[in-house]
Every structure is written in C-alpha cells, then in structure tokens.
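The structure under discussion appears below in the form of structure tokens.
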Amino acid sequence: MTTRSELEQRIDSLLAGEVDRILTTVPYAGHLISEEQALDDEYYIRHRIETIKRIILTARIDALALARMIEEDYESSRLWGRYTADELNHDLLFRRDLHQHGCSNETIDGTPPLAATRNLIIYLSRRLEEIGSLTAVAYSLFVEWNSDRVSARVVNRAERHYSAKHVLGARSHVHFDKNANHYAMILDITDKLVGRLKDENALFDTLKELASLFCAYFQELHDVTIGQRAEAFSSPQPAPSERDLHAVQS
C-alpha cells in the first residue's frame, strides 16, 4: 500500500511535469513568471477576472463534495468544511487588486466565464458523480500545489510590472494558503479518500484531465487577448471601392 509520503512524491512529480508542459507549450502562459516577454496587461487582467470566476463556480462543486464526503469520511469532512469556508472569501482578495486596475465589480461580474472554465465545471460535476468527493479534492490539490509552487512568482512579476498595491490581494492569498498549510491539509484528505477508494488511478487520471483543462484555459486566454489583437492587426484591409477612389480623387 502506498504511504502518504510516496503518494505526495507521485503527485508532485505529475503536477510538476504537467505545469511545466503548460508553461512551455501554450503561447504566453510562461510570461506570467518569466521576464523574457513583457507582461501583457489585457492578458493579466483577464486572467485575474477568470480566477474569480473559477472560485465562485467551483464553490458549488465544493459544497456538493462536502455532502458526499460526510458519508464517505466524516473526519475528512471536518477539514474540508473549514477549507471550503476559507475559499469562499478569496474572490474578495482578487477583486481588490482588480479595482486598482480600474475594474469595477460590475465589470468583473458582468464578464462571462470563458468556455474552458465552463468545460472545467462540467467535467467536475460529471466526475463528482463517478468517483465522489475526491473530484473536488483533486481540483483543490491542483490549485493549492500551484499556489505553493508558482503563485508567488506570478505575484512578484506583477508587482515589478505594476506596483505593490496592485497585488496586495494576490499576495495575501499566497500568504493565507501558506500560513493555513492548505496544501498539506488537502494532501491529508487526499490520502484518506484514496485509501478508502483503493484506487489511486482515480486520483491521477483526474489530475491529468484537470491539467488538460487548464492547458485549454491558457490557450483560450491567449486567443481572446493577445491572439485576438494580433489577428486584428494582421488582417488585410479591404480594397477601396471605385466610389472611395472617386471621392479621394475629387
């Protein structure tokens, strides 16, 4: 039987590889942490708006998972309940930063989620029916791993580009997750649920699918911001009509 330490190592190896694949293969995904390309304002702001969308939309998944977990492993549900209560407030941190960029709550709330985000929620809803609360826990494992390993680098990059006040919320989020030891907490829950299921493949298959969904998200994020501008810039202008030419000549 796999120990918690062995499970953690396998998870870390998988996620490190999947996240590296996203950062190195999806256009501009790596520029959130790399100085090789200038930080794109539209891309960054849209990314932060979508972060809020995911927090709100996955809150329902978390609540449904809590109901399932109460039946599956009551002790784990105590931890999960506290964790999800914390997560409900994290959109406020990112809203504060977006306000510094001139984005109102009306703009944030009125922006529809990207198709990739909607597909993520559809997948989580379906997977929850298939394997239970481990679905939501796997998602949290993915995002908390990123918070633990990558998010601080994104915040530092944004602070250098904008200012400290533009990342107060995001930095508070990183510190909160670290101080609350969220990643270790989610690992504990994961270990218990995987042991109950006696099926590690359920976890790792879900993590791989989540990585693919986030890969699709970063591709779409690029396409609706940087890609869309590049396409508009490179589109050939329509040839002037005879009427236009006559007007110029006269």
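What follows is calculated from the coordinates using simple rules that are stated; it is not laboratory data. As the structure is a prediction and not an experimental result, all values here were calculated from the model. Heads up, the Cβs are rebuilt from the backbone with ideal geometry, glycines too, and the neighbour counts pull from every protein chain shown.
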Where does helix 90-100 land angle-wise versus the long Cα axis of the chain, in degrees 0 to 90, nearest 10?
-> 20 degrees
Among S163, M185, S151, pick out the residue whose Cα is farthest towards the positive end of the charge dipole of the range 110-204, where Lys and Arg carry +1 and Asp and Glu carry -1 on C-beta, about the Cα centre.
-> S163
With springs only between Cα atoms under 10 Å apart, run a GNM on the chain and tell me which of A116, A138, A16 wobbles the most.
-> A16
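Count the lysine pairs in the chain whose Cα atoms lie under 26 Å apart, taking only pairs 8 or more positions apart in sequence or on different chains.
8
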Rounded to the nearest 0.05, what FRET efficiency is calculated for D86 and V150 with R0 set to 25 Å and r the Cβ-Cβ distance?
-> 0.80
Can you tell me the 0 to 90 degree angle between the C-alpha axis of helix 168-179 and the longest principal axis of the chain, rounded to 10?
-> 20 degrees
Which option, (1) 1.00; (2) 1.03; (3) 1.07, is the value of Rg/Rh (Cα atoms, Kirkwood Rh) that was calculated from these coordinates?
-> (3)
Go ahead and run the numbers for FRET between S234 and T2, Cβ-Cβ distance against an R0 of 45 Å, rounding to 0.05.
-> 0.30
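Would you order R118, R46, R126 from fewest to most other beta-carbon atoms within 10 Å of each residue's own beta-carbon? Could you put the intermediate results ahead of the total?
Details: R118 13, R46 19, R126 10.
Ascending number of Cβ neighbours within 10 Å: R126, R118, R46.
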Between the Cα axis of helix 200-222 and the main Cα principal axis of the chain, the angle (0 to 90°, nearest 10) is 20 degrees
